[in-house]
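Heads up, the thing below is written out as structure tokens.
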Amino acid sequence: MSEDILSLLKENVIQGRKTGEDVGIDESLSGTPGVVDLVDSALKNNISPELIIKEALTSGMEVVGEKYSTREYFIPDMLASADAVGAAMDILKPLLEESNVETKGKFVIATVKGDIHDIGKNIVAILLKGAGYEVNDIGIDVPEEKIISVVRDEQPDYLGLSALLTTTMTGMDVVIKALKENGLRDKVKVLIGGAAVSDEYAGEIGADAFCADAFQAIKALEEFEEV
Amino acid sequence: MPREGILISNPLERLSGEQVRQIHDASIEILNDPGLLCFNKKAAGIFQSRGAEVAGVSGSDTPCWHVKIPEKLVTDALASAPKTVTLGARNPDNALVMKGDEPRVFFITGSETNMWLDVDFPTYVNKSDPEKESKVPEFQPRRGMVADLCDSAHVCEHLESVDGYIRTVNIQDKDITEDNKDVNKFFACLNNTTKHVMSGLTSLNQLDNVVKMAEIITGGPDKLKENPIISFITCLVKSPLQFVGDTTETFMEVCQRGLPIVVSSSPQAGTSAPIKEAGIMAQINAEVLAGITLGQLVNRGTPVLYGSVPVRARMDTLGDSYGSIETSQYNIDCVQMARFYKLPNYSTSGVSDVKIPGQQSSIERLFSDIVVTLSGPQFLHCAFGLLDCNSVFCLLQAVLDDAHFQMIKFFLKSPRINEEEFDTVKKQIREVVNTPQKMFINYIRPVMRSGEISPPYPFEGDGEGDSVLALANERLQELRAKPVEHIDPDTAARIFREIPGLLPRLNVHEGDG
């Protein structure tokens, strides 16, 4: 029974079906329970959150990643799966906290002041959540004061800053300087991304990593974890 | 069900109705003054017997007649020429139904080149960094062989956007002669593609053997009439305004047999036609009308295509400049003239001036492919794989061209604007604006695999390098590995028994059973 539920859950992660209303790739699943319902079923059948994460959510996302790398899947497929996993994690998070199981890390993400572009930021947020990180997306056009405040209050492991424009990318430099001035710089890893910025720029302003896309962000976080 | 082609809902037209009429009037005047020189006695006699003014030309080494065609003969011919021409196929699902007043475009290969371009991808090592290796395409031209024609027909069978097949390469094997070229050429094509096959004829004495071969495949003369799996193309009029002796003879013989034929004219603006647009248009239209008129006089009601291959001269060499912008303009004008007569049009696009596949080739051919397609010719002879002004054929280029045409076909799909769509999208918009992220990504997936979203360019590589040619070559090898739908063994055996001159090595079933 447990194996059946976990197997079905994994398949729905691969299909990117958060709820029964979602359309996956396999049309025969239409109308059947999605990831959220199946997580509930799994918990009712006394399957542990750790097992759900390991055997269904993580292993399902691994398959999705493989399919993306072979171009069978595209970004919308990845996002659908990640969104489904993110919803599952929202259900599991309180239970994990009860049993003192830690998430992969807390990630605060924002588009810097003066910039209202958020497609890339949103994609990164969804995929990171799907990869098991606790994500707090604090929005667009966020002034440095607010970012500092959130970092101080929530003590995230990572801060992601996004900017699309050459005119707004300097806001990243402003945030990093403000982190230093407030004694927070060495308490959080800063990752930057967006069309205007580069690896070179990350070096210039003292960011910890430049991420060209969401996959590089996940890779960078995994490398931080290994250190 | 025949092939669908692509219907152009609002064809691109350059000429006003008045300009079309002016070209027609100028052509009619040219057919009467100066008229045409005719190097075929029989044709001159046919014209004379139907009321044309025909006079022998003295002082010519070759017997020649001066033919002035009156307007009435042209008008009668335009009335009797079929407005719908069907080009059949070994697989009837590949038949092409061409209606002169319907701008439904079919994409066909051709024409014939002498040279075949081999492609190889040798590995080069960077001198300053021996760790770095690159695969660089190298091209080697050589004479075309019958095996190449088989290879080309087979690959084009599997190229999705190729609707029909004009033989792509002249077969120049040592055992190919004037007397066996046609039967081997047609057999090589027919045995490797189930799509329609069109070709010119090298030797008139092979016409009956070629027709008989097609009759054996279809099941007899009546079946061939119903499903004409082969058709012909002749340049019976050499510009300016000359009926050529042998090709006019071939043309009349094909018309006599009632098989579809293209009346093709290929004047070059600047040398064999005036450099002015009005001039080349009046002349090419006159030349095609002259051919159509002769065909209808030979066999009233015989199916003909209004064939136009106009081209502008290069100013540096006075060779053909198929890549010139004017060449596309002339072709679009011709499409409009054919539509004025309600006759199916054979038009040209996609020939490149450059010798190898690459950026110039892609730019030149894609430009003309798009604009001429938009004008709505029924039979677009769109030069799959042709390079170097129509003198070299390269299968790798044909694979690239197929990708271009898939893009063009997608672009020409009908707009998806209707009440049902609006009901769906208004609901989506209302839902999404109330979400924190305000993104429509969730709605992509249901349409992503339905064919509603255009696919990415198929030869896009990873990283910063340009790997288009290497990836297209991989695709070419995949296509080559696909099965060939040959003519069945019994029919092939009968063809080899009854048609003389076929090369035994083309009998793929030999030794079976």
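What the table shows:
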{"read-out": "Nearby lysines by direct alpha-carbon distance to A:Lys44 (threshold 29 angstrom, same-chain neighbours under 8 apart not counted)", "value": "A:Lys10, A:Lys18, A:Lys54, A:Lys93, A:Lys104, A:Lys106, A:Lys129"}
{"read-out": "Percent RCO, i.e. relative contact order, over chain B, from Cα pairs under 8 Å lying at least 6 residues apart", "value": "18"}
{"read-out": "Mean projection area, nm², convex hull over Cα of the range B:69-223", "value": "14.9"}
{"read-out": "The range B:56-147: Rg to Rh, with Rh as the Kirkwood radius over Cα pairs", "value": "1.28"}
{"read-out": "Pairwise label distance in nanometres, A:Ser69 with A:Thr167, each label 7 Å out on the Cα-Cβ vector", "value": "4.1"}
{"read-out": "Using alpha-carbon coordinates, inclination of helix B:419-432 to the longest axis of chain B, degrees", "value": "20"}
{"read-out": "Dipole-positive endmost among A:Leu51, B:Gln397, A:Thr103 within the protein assembly as shown (Cβ charges, Cα centre)", "value": "B:Gln397"}
{"read-out": "For the range B:26-35, Karplus couplings with θ = phi - 60° (6.51, -1.76, 1.60), whole Hz, Gly/Pro x", "value": "5, 5, 4, 5, 5, 4, 9, 8, x, x"}
{"read-out": "Cross-link partners of B:Lys225 among aspartates and glutamates (Cα-Cα below 19 Å; sequence separation of 8 or more within a chain)", "value": "B:Asp93, B:Asp208, B:Glu215, B:Glu253"}
{"read-out": "Two-site FRET efficiency, B:Val508 against B:Glu18, from Cβ-Cβ distance with R₀ of 60 Å, rounded to 0.05", "value": "0.60"}
{"read-out": "Lys, Arg +1 and Asp, Glu -1 on Cβ, resulting dipole of chain A about Cα centre, debye, nearest 20", "value": "380"}
{"read-out": "Estimated inter-spin distance, B:Asn91 and B:Ile429, nm [label 7 Å along Cα→Cβ]", "value": "4.3"}
{"read-out": "Directionally averaged projected area (convex hull, Cα atoms, chain A), nm²", "value": "12.9"}
{"read-out": "The protein assembly as shown - convex hull of alpha carbons, volume per residue in Å³", "value": "230"}
{"read-out": "Computed label-point distance, nm, for sites B:Lys174 and A:Glu27 using a 7 Å Cα→Cβ extension", "value": "5.9"}
{"read-out": "Compactness relative to 2.2 N^0.38 Å, alpha carbon Rg of the range B:284-393", "value": "1.12"}
{"read-out": "Theoretical FRET efficiency, 1/(1+(r/R0)^6), r = Cβ-Cβ of A:Glu145 and B:Gln477, R0 56 Å, to 0.05", "value": "0.40"}
{"read-out": "Two-decimal ratio, the range A:2-98, of alpha-carbon radius of gyration to 2.2 N^0.38 Å", "value": "1.00"}
{"read-out": "Taking the range A:2-98 and dividing mean pair separation by its residue count, relative contact order in percent (alpha carbons under 8 Å, at least six apart)", "value": "36"}
{"read-out": "Rg [Å, one decimal], Dmax [Å, integer] - the range A:51-150, C-alpha atoms", "value": "15.1, 43"}
{"read-out": "Share of pairwise Cα separations in the range B:325-378, more than 18 Å, in percent", "value": "33"}
{"read-out": "Between the range A:202-227 and the range B:248-308, the alpha-carbon center distance in angstrom", "value": "68"}
{"read-out": "Flagged links, alpha-carbon separation over 32 Å, of B:Lys42/B:Lys355; A:Lys177/B:Lys132; B:Lys42/B:Lys212", "value": "B:Lys42/B:Lys355; A:Lys177/B:Lys132"}
{"read-out": "For chain B, average projected area of the Cα convex hull in nm²", "value": "31.0"}
{"read-out": "For the range B:77-204, size of Cβ-based charge dipole, Lys and Arg +1, Asp and Glu -1, in debye", "value": "340"}
{"read-out": "Gap separating the Cα centres of the range A:34-108 and the range B:1-20, nearest whole Å", "value": "54"}
{"read-out": "Cleavage-rule hits, trypsin sites (Lys or Arg not before Pro), the range A:1-100, DSSP coil, Cβ neighbours within 10 Å at most 12", "value": "A:Arg71"}
{"read-out": "Chain lengthening between A:Asp40 and A:Val227 when straightened (0.36 nm per residue, less Cα-Cα)", "value": "63.8 nm"}
{"read-out": "For the range A:106-226, diffusion coefficient by Stokes-Einstein and Kirkwood Rh (Cα), 25 °C, 0.890 mPa s, µm²/s", "value": "179"}
{"read-out": "Proximal aspartates and glutamates to B:Lys413, defined as alpha-carbon separation beneath 14 angstrom and excluding residues fewer than eight positions away on the same chain", "value": "B:Glu4, B:Glu452"}
{"read-out": "Spin-label zone in the range A:138-168 - amide nitrogen under 20 Å from a point set 7 Å from the Cα of A:Lys187 along the C-beta vector", "value": "A:138, A:143-161"}
{"read-out": "Kirkwood Rh and Cα Rg combined as Rg/Rh, the range A:96-149", "value": "1.07"}
{"read-out": "Longest to shortest principal axis, alpha-carbon extents of the range B:73-126, angstrom", "value": "68, 31, 21"}
{"read-out": "Over chain A, relative contact order from alpha-carbon pairs under 8 Å, at least 6 apart, %", "value": "15"}
{"read-out": "Residue-averaged 222 nm ellipticity for chain B, from DSSP H runs of 4+ at -39500 (n - 2.57), nearest 500", "value": "-12500 deg cm²/dmol"}
{"read-out": "Cα centroid of the range B:350-364 to Cα centroid of the range B:145-218, whole Å", "value": "26"}
{"read-out": "Rounded FRET efficiency, nearest 0.05, which uses the C-beta distance separating B:Asp76 from B:Glu460 and R0 of 51 Å", "value": "0.40"}
{"read-out": "Nearest-20 debye value, the range A:106-226 charge dipole, Cβ charges on Lys, Arg, Asp, Glu", "value": "240"}
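Values in this text are rule-based calculations from the coordinates and carry no lab data. Since this is a predicted model, take the numbers as computed values, not measurements. Virtual Cβ from ideal backbone geometry, glycine too; neighbours counted across all protein chains shown.
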